[in-house]
Amino acid sequence: MREQQSIVYVIDDDEAVRESVTDLLRSVGHDVQSFRSAQEFLDSPRPDAPGCIVLDVRLPGQSGTEFQRRLAKSDIHLPVIFISAHGNIPMSVRAIKSGAIEFLTKPLNEQELLDAVQAGLARGRTQREEAKLAAEFHERLEQLTPREREILKLVVTGRPNKQIAAEVGLSEMTVKVHRSHVMQKMRASSLVDLVRMADKLGITRTAP
């Protein structure tokens, strides 16, 4: 099934800028939704599709940087491209450090904006893919028994079965059986694959 087309959300209280940016993005084939304020964006339904936000720094009621922080707290993971007629270096540095893709000043350079949007959409797709993969790994992890989880944490450190057996008080053969079950349930093709999954799940690996 084909993934839904990416969406660019344009948020700017300046109607002329909003329409100009929307027209430019649509002219190169982007699906665009525009809003006059951050609250209007939050109140509107959003399809489950990759995307990014072109966001004015100065908005009525809430600044763009405040809205950027609110997005993170609301678990809305859409890359942000800031635009501003009043930008300065400290402001742009803060925005980039907070995770913004780019900070562009008005009047906008069309090619710079298009390039930034492409980068934003690419990051948005990557974030969705990583989140989907992490969710799948969590589902597999839930299938493990408490003992299998314990073995998993030790296996990904590179410990041999004999050492794991001594640490958990089991026979080496029993550890091998648990290890096999872990590999099967996690659908890991190799130890390297299992370690990669553990890293994604935030399972701490302590050197033996």
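Structure values in brief
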item	result
Taking the range 34-159 and dividing mean pair separation by its residue count, relative contact order in percent (alpha carbons under 8 Å, at least six apart)	23
Exposure proxy ranking, count of Cβ atoms within 10 Å, fewest first, for 77, 138, 30, 178	138, 77, 30, 178
Average projected area [Cα convex hull, the chain], square nanometres	15.0
Charge dipole (the chain, unit charges on Cβ, about Cα centre) - positive-most of 178, 11, 96	178
The range 1-56: C-alpha gyration tensor shape, a/c 1.5 cut-off, then a/b vs b/c	oblate
Extension gain from residue 149 to residue 203, taking 0.36 nm per residue of separation minus the Cα-Cα distance	18.4 nm
Cα-projected label distance for residue 19 with residue 189, points at 7 Å along beta-carbon direction, nm	5.4
Karplus-derived 3J(HN,Hα), 6.51/-1.76/1.60, for each residue of the range 107-116, Hz, glycine and proline x	x, 6, 7, 4, 5, 4, 5, 4, 5, 5
FRET efficiency, 1/(1 + (r/R0)^6) with R0 22 Å, evaluated for residue 131 and residue 97 via beta carbons	0.45
Structure-based [θ]222 nm, the chain - -39500 (n - 2.57) summed over DSSP H runs of at least 4, per residue, nearest 500	-17500 deg cm²/dmol
Too-long pairs where the Cα-Cα distance tops 19 Å, listed order kept, from 132/200; 162/185; 97/200; 153/176	162/185; 97/200
Scattering profile of the range 117-193 at q = 0.28 Å⁻¹ [log10 I(q)/I(0), Debye over alpha-carbon scatterers]	-1.29
Extended-chain gain in nm, criterion 0.36 nm per residue less alpha-carbon gap, residue 142 and residue 112	6.3 nm
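All of the numbers you see were taken from the coordinates with simple rules; none came from a lab. On a predicted model such as this, the values are computed, not experimentally measured, just so you know. Every residue, glycine among them, receives a Cβ derived from its backbone with ideal geometry; neighbour counts consider all protein chains shown.
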